[in-house]
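Visitor: Would you mind keeping the following structure in view while I ask a few things?
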């Protein structure tokens, strides 16, 4: 498949149509899959052009939300970051973010000053070269203040969008996790309004793209947080769907079409102690809701997996599994 301006314009057009017809929080993978279908291509045919497609998705998102400086300005930022002075340019962009964050440190956030600085960083992160120099300049740590529970949701959303743009390039997800992006993301998730939570969960989905990353997410407690969101009666259907997608990715089954409890059950049978322990913890969170117990008892494979976990060498996993089975027993 040829590349170039005409192909880019076609990708942007198709991505815009898909995003306009989709629910909030749709992931880049969802858009690529639908694009392949619309173009009559076999599954994963666009994987080799992932960077080009992802750049088109970001451009389409900005156009739909009426945000960003525009294609020409974005291209200018990307070109500066890719140039010989890219490291200095990245530092200058993030210095603007630092200054904006410092001004909001006392709780009086100046959104008019912060938002443009964050959008410029997002523009730079849409290219692989730009994301690389921004990561070298400690992108994750310098966006962390905007993810604090006291930061305005609009600014947190812009920071998450910048991190998401960076996560779309090969090799960057491991860098983001190694650089400490996960703790502030997870800390913000429980109190985030629905629209911000959808963005945060979609980013977790992007980060779960390798075995090492998935283990980091699990041991950091991501699955437990997703469980709380899924069983929250006040959560939107869109957020719950994104949580199921993210849990499937974290569980190494990104294309699985099963329920959230089934995903947890599959992980309860894992032979990796940390994975099993976190899955049992999620099962316990669900089992703590008495009204969910009859349904959980009927989930295919869940009880068998919990019985396997009950015999685990991991004492915490074994004890947790026994407790959940005890709660389920009257409904079996």
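Visitor: When the residues of the range 228-239 are filtered to those that are at pLDDT 90 or above and closer than 15 Å to residue 202 by Cα, which remaining residue is surrounded by the most Cβ atoms within 10 Å (Cβ to Cβ)?
Guide: So, considering only residues that are at pLDDT 90 or above and closer than 15 Å to residue 202 by Cα, the one surrounded by the most Cβ atoms within 10 Å (Cβ to Cβ) is 229.
Visitor: Right, next: Test residue 281 against the criterion of being assigned to a helix (DSSP H, G or I) and closer than 24 Å to residue 214 by Cα, and give yes or no.
Guide: Yes, satisfied.
Visitor: When you look at residue 213, is it in a helix (DSSP H, G or I), under 22 Å from residue 276 (Cα atoms), touching a helix residue (DSSP H, G or I) at 6+ places or on another chain (Cβ under 9 Å) and at pLDDT below 95, yes or no?
Guide: no
Visitor: Output the residues belonging to the range 292-332 that are over 28 Å from the mean Cα position of the chain (by Cα), within 16 Å of residue 265 (Cβ to Cβ) and not in a helix (DSSP H, G or I).
Guide: Within the range 292-332, 298, 311, 312, 332 meet the criteria.
Conditions tested, residue by residue: (1) crowded, with 21+ Cβ neighbours inside 10 Å; (2) over 23 Å from residue 174 (Cβ atoms); (3) modelled with pLDDT of 95 or more.
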{"residue": "241", "(1), (2), (3)": "no, yes, no"}
{"residue": "245", "(1), (2), (3)": "yes, no, no"}
{"residue": "251", "(1), (2), (3)": "yes, no, no"}
{"residue": "281", "(1), (2), (3)": "no, yes, yes"}
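Visitor: Next up: Would you pick out the residues in the range 170-207 that are in contact (Cβ under 8 Å) with a residue 60 or more places away in the chain and under 14 Å from the mean Cα position of the chain (by Cα)?
Guide: Scanning the range 170-207 gives 195, 198, 199, 201, 202, 205, 206.
Visitor: Counting only residues that are modelled with pLDDT of 75 or more, assigned to a loop (DSSP other than H, G, I, E, B) and buried (at least 19 other Cβ atoms within 10 Å of the Cβ), how many does the range 19-45 have?
Guide: 0
Visitor: Something else now. Considering 89, 52, which residue is surrounded by 12 or more Cβ atoms within 10 Å (Cβ to Cβ), at pLDDT 75 or above, out of contact with any strand residue (DSSP E or B) (no Cβ under 9 Å at 6 or more places or on another chain) and assigned by TED's automatic domain parsing to the domain that holds residue 124?
Guide: 89
Visitor: Enumerate the helices (runs of 4 or more DSSP H) found wholly within the range 90-205, keeping only those where 1 or more residues are farther than 22 Å from residue 242 by Cβ.
Guide: Once the helices (runs of 4 or more DSSP H) in the range 90-205 are filtered for at least 1 residues that are farther than 22 Å from residue 242 by Cβ, what remains is 111-125, 128-136, 139-143, 172-178.
Visitor: Does residue 145 satisfy the condition of being at pLDDT below 95, buried (at least 17 other Cβ atoms within 10 Å of the Cβ), in the same structural domain as residue 74 (by TED's automatic domain parsing) and over 17 Å from residue 206 (Cβ atoms)?
Guide: The answer is yes for residue 145.
The values are calculated or read from the model by the stated rules, or taken from the named source; none is laboratory data. Every value quoted in this text rests on a predicted model; they were computed, and no experiment measured them. Neighbour counts run over all protein chains shown; Cβ positions are idealised from the backbone, glycine included.
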